[in-house]
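Everything on this sheet refers to the single structure shown next.
Derivation of every value follows stated rules applied to the coordinates shown; laboratory data play no part. Given the structure is predicted, the values throughout are model-derived calculations rather than measurements. Cβ placement follows ideal geometry from the backbone for every residue including glycine, while neighbour counts extend to all protein chains displayed.
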Amino acid sequence: MASAPSAAVATAIQQAAAANGVPLPLALAVAYVESGFNPNASGDSGHSIGLYQLNDQGEGAEMTLAQKTDPLTNANKALSEIGAMLSAHPGLDLGQIAAMAQRPADPAGYAARVDSALSMFGGGSSASSSSLQTATVSAANDPTAGLTLDPVQAWKNALTQGPQGFADGVAGAAHDVGVNLRNSAIGIAAGVVVALLLLSRAPANQEPAP
């Protein structure tokens, strides 16, 4: 299971979280638990598809395969339900919110897995602990507009300066994304996502450039 989403998947999750008022750490945690950030994941003998495993007898009903495997369409569908549950049950444990929205076979176990995954993405198990990273901007004020960072090239450039250069590159990339998204609280979490992307692509052993 992937520990970080691709750049395209991360952007789709950011946009869908923003549109539906869902804390970005929660949006990431649920996608991680559901599919490991794989937009083409298939489960339940082919009945559940995509990032958030939309089921053809539930949220994925009447959706085409192309729609379910499109990261943004899939994320918007799932996160609209999670956003509605957050509004209806303020203060409830976020893992429980996710379980209510996603309706897994084992709600308690699923909630525990989501709560555990939240710590990977800078969030806590309560809505208040993730409030600073709640996406609140509208599609008309797209927080990812102008975002041109190439994570792979960023770490390669940083690596030419040795291990410290790589560390500085990670910090700088996160800062740059935060600047691009400075008008939205989602910028904080976006920096975390980019840092994870960079670290996931780093080689195990880094030697200073000759």
Give me the distance in nm between label points sitting 7 Å out from Cα along the Cα-to-Cβ direction at Ala88 and Ser6, one decimal.
-> 3.4
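Going by how many other beta carbons lie within 10 Å of each one, how would you line up Ser87, Ser116, Ser80, fewest first?
Ser87, Ser116, Ser80
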Sequence order, the stretch 80-88: Karplus ³J(HN,Hα) from phi using 6.51 cos²θ - 1.76 cosθ + 1.60, θ = phi - 60°, Hz rounded, Gly and Pro as x, gives 5, 6, 5, x, 5, 5, 4, 5, 7
Determine the relative contact order of the stretch 1-130: mean sequence separation of Cα pairs under 8 Å and six or more apart, normalised by residue count, in whole percent.
-> 25
Ordered by packing density, taken as the mean number of other Cβ atoms within 10 Å over each peptide's residues, highest first, how do 96-102, 49-55 rank?
-> 49-55, 96-102
What are the ³J(HN,Hα) values, in whole Hz, obtained from phi via the Karplus relation 6.51 cos²θ - 1.76 cosθ + 1.60 with θ = phi - 60°, for each residue of the stretch 68-73 in sequence order, with x given for Gly and Pro?
-> 6, 8, 7, x, 5, 5
To the nearest 0.05, how large is the calculated FRET efficiency for Ala108 and Gln67 if R₀ is 35 Å and r is the Cβ-Cβ distance?
-> 0.70
